[in-house]
Structure formats: structure tokens, C-alpha cells
Amino acid sequence: MALSLTVLGCSGTYAAPGGACSGYLLRSTTTTVLVDCGPGTLANLQEHVSLLDLDAVVVTHEHPDHWLELPVMRNALKYGVRRTGVPLFTTAGTLELGRPFGLAPGAFTAATVADGDSVQVGDLVFRFFRTDHPVETLAVRVDCGDESVGYSSDTGPGWSCEALGEGLDLLVAEATFRDGDGNGPVHLTARQAGEQARAVGARRLVITHLAPGSDEAGAVAEAADAYGAPVEAAQVNTTYAV
Ligand SMILES: [Zn+2]
Ligand SMILES: [Zn+2]
């Protein structure tokens, strides 16, 4: 219980100055899981928990901004804290790309997850949903007792956070683009993120995966207009209690 989400990195595509790419720490009173392991997240993770306390890692897809810190974390586990067998749940494509780095077996014990799968780690239950993105990408719903968090990962508008189901206390939704900027269907706009959060009835919306240099206040205003309530933009090293 007492579920929380800490942002370790939230930059879309590449890290903003002083920032990091996607990484979110999900914690209950007994369980700690890292969701996505983008470049820069390992340093920030250690601001909050020890690598000895990490119960599992989930990586949502094989795009470099979501997994490329895994080989570095492998080295930290192997040569630093000397841990083996940290459970790693990710897509088949991510495991294939990670193979030359010797992620598993070794520092990690890997398992492939796909659309419709669910995994329990301690008191956290993860459910995975295939999104609309050029590679196999998994949105995640995390339930802990009667508390819940949704994370869109990366998705175009051909998939909706509505698929995560109702009752979300917190939705972290990507909002890479702005309404009308014509960037194509690979990601959501801030407006679409707000619309989806409203449709699924999420009680709180945090937008994320904004491109470095983008107008954060403008994106927040656009998302809030569609959501019908205040919205926050993810901030590195900020913890959102559920
Ligand atoms: Zn991304
Ligand atoms: Zn992506």
C-alpha cells in the first residue's frame, strides 16, 4: 500500500539539460520496481533507493530512450553491489537488443512480457497493454491493493489510455507533441493525453515525455483544457503519492 511514483527521467527522445530519459520508480511500503531505464536514470535512481533494494525492472519497449541504461545497470549490479538475478520484464525486441551486453542470465533474470500479460512483484500487480507505436510497446497499469497507477509509455492516438481501465488514481501519459504541430501519429499531443485521461476517469494526470526545449507550460495548459482539471508536467526527482 501507500503506492508512489518517483520520476527519475521524463525527457522524450533525448535528455534535456540536467535531465534524463524515461524512468519511473514505483514503490509501495514493501516493494520497489523501476519502470523504464532510459539514459540518465541510474544516477537519479540512487538518489531514492539503493540498487540492493530494487525488486524488479520493467522496460516498456526497445527505443533507446527507454532502455539504454540497462547495460550500465548490469555493470553496476555485477561489479558494484554484486547482485545477480534481478527480475527484468520486457519485450522480446528489447531482450534481443540487450543480448550483446550480457544482461541475462547474470545481473538480471529476464522474462518476456506482451500484451495481456500480468506480473506480480511483491504487492504490486503489473498489467501490460500493447500501444500504437512503431515497435512493440507496452503501457502499464500497476495496482497495489485499491491504489493504481497507469503509464502510457509511448503511443500514437491509435491506442488510448482508456484501455488501462477505470479507477486510476494517477495517470502518467506521454504528451510529446502539441495540437496542430503536424508531427505524425507516433506520439500523443498534450490535448490527446488530456482527452484520454478524462475518458478513463483518471483522478490525476501527469504529462511526460515532452521533447527537450518544448513549451512545458503550453503543453500543461493544452492538456488541462482537454482534461477539465489541473494537470502537472513530470519533473525529475519528484515523487507523486497515489
Ligand atoms: Zn520514448
Ligand atoms: Zn518510443
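Can you tell which of 176, 189 is within 16 Å of ligand 2 (Cβ to nearest atom), more than 18 Å from residue 60 (Cβ to Cβ) and either buried (at least 21 other Cβ atoms within 10 Å of the Cβ) or of a type in the set (Phe, Trp, Tyr) (or both)?
Working: 176 fails: more than 18 Å from residue 60 (Cβ to Cβ).
189 is the lone residue from the list that is within 16 Å of ligand 2 (Cβ to nearest atom), more than 18 Å from residue 60 (Cβ to Cβ) and either buried (at least 21 other Cβ atoms within 10 Å of the Cβ) or of a type in the set (Phe, Trp, Tyr) (or both).
Scan region 150-161 for residues that are of a type in the set (Ser, Thr, Tyr), open to solvent by 10 Å² or more (accessible area, probe 1.4 Å) and within 16 Å of ligand 2 (Cβ to nearest atom) and jot them down.
Here is the first cut: in region 150-161, the ones of a type in the set (Ser, Thr, Tyr) are 151-153, 155, 160.
This time we only want the ones that are open to solvent by 10 Å² or more (accessible area, probe 1.4 Å), so: 151, 160.
Matches in region 150-161: 151 only.
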### Task
Go through the residues of region 216-231 one by one and say whether even a single one is within 16 Å of ligand 2 (Cβ to nearest atom), surrounded by 20 or more Cβ atoms within 10 Å (Cβ to Cβ) and not in a loop (DSSP other than H, G, I, E, B).
no
### Message
Return the pair list, or none, for Cβ contacts closer than 6 Å from residues in region 106-123 that are of a type in the set (Phe, Trp, Tyr) to residues that are modelled with pLDDT of 95 or more, at least 6 apart or on different chains.
### Response
108/86; 108/88
### Query
Does residue 203 count as assigned to a helix (DSSP H, G or I), open to solvent by 30 Å² or more (accessible area, probe 1.4 Å) and under 15 Å from residue 150 (Cβ atoms)?
no
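Could you tell me whether region 141-149 includes any residue that is away from ligand 2 (no atom under 16 Å from the Cβ), surrounded by fewer than 15 Cβ atoms within 10 Å (Cβ to Cβ) and either among the aromatic types (Phe, Trp, Tyr) or outside any loop (DSSP other than H, G, I, E, B) (or both)?
Going through region 141-149, the residues away from ligand 2 (no atom under 16 Å from the Cβ) turn out to be 141-149.
Remaining after also requiring surrounded by fewer than 15 Cβ atoms within 10 Å (Cβ to Cβ): 145-146.
Okay, now just the ones that are also either among the aromatic types (Phe, Trp, Tyr) or outside any loop (DSSP other than H, G, I, E, B) (or both), so none.
No.
What residue, among those in region 107-118 that are open to solvent by less than 30 Å² (accessible area, probe 1.4 Å) and part of a loop (DSSP other than H, G, I, E, B), is farthest from residue 19 (Cα to Cα)?
Narrowing region 107-118 to residues open to solvent by less than 30 Å² (accessible area, probe 1.4 Å): 107-108, 113.
Imposing the further condition that a residue be part of a loop (DSSP other than H, G, I, E, B) reduces the set to 107, 113.
On the way: 107: 26, 113: 28 Å.
Among them, the one singled out is 113.
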#### Entry: Close pairs from region 1-15: first modelled with pLDDT of 95 or more, partner basic (Lys, Arg), Cβ under 6 Å, at least 6 apart
4/27
### Query
Within the set of pairs 6+ apart or on separate chains, which have a first residue in region 42-60 that is within 15 Å of residue 75 (Cβ to Cβ) and touching a residue at least 24 places away in the same chain (Cβ under 8 Å), a second that is acidic (Asp, Glu) and open to solvent by 20 Å² or more (accessible area, probe 1.4 Å), and C-beta atoms under 8 Å apart?
42/69
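Is there a residue being over 19 Å from residue 9 (Cβ atoms) and within 16 Å of ligand 1 (Cβ to nearest atom) anywhere in region 192-204? Please lay out each step first, then the result.
Looking only at region 192-204, we keep the residues that are over 19 Å from residue 9 (Cβ atoms), and these are 192, 194-204.
If we keep only those that are within 16 Å of ligand 1 (Cβ to nearest atom) too, we end up with 192.
Yes, there is a match, as at least one residue in region 192-204 is over 19 Å from residue 9 (Cβ atoms) and within 16 Å of ligand 1 (Cβ to nearest atom).
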### Message
I'm trying to understand the selection: among the residues of region 127-140, which are in contact with a Ser or Thr (Cβ under 6 Å, 6 or more places away or on another chain) and either part of a loop (DSSP other than H, G, I, E, B) or open to solvent by less than 30 Å² (accessible area, probe 1.4 Å) (or both)?
### Response
131, 132, 133, 136, 137, 138, 139
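So which residues in region 62-78 are touching an Asp or Glu at 6+ places or on another chain (Cβ under 8 Å) and farther than 14 Å from residue 24 by Cβ, if there are any at all?
Start the filter on region 62-78 by keeping residues that are touching an Asp or Glu at 6+ places or on another chain (Cβ under 8 Å), which leaves 62-63, 66-67.
62, 63, listed by residue number.
The values are calculated or read from the model by the stated rules, or taken from the named source; none is laboratory data. Everything quoted here is computed from the prediction, not taken from an experiment. Cβ: placed from backbone, ideal geometry, glycine included. Neighbour counts: every protein chain shown. The protein model used for the area step is the full one, side chains on, heavy atoms only, and it has no ligands, DNA or RNA in it. Shrake-Rupley method; radii C 1.70, N 1.55, O 1.52, S 1.80 Å.
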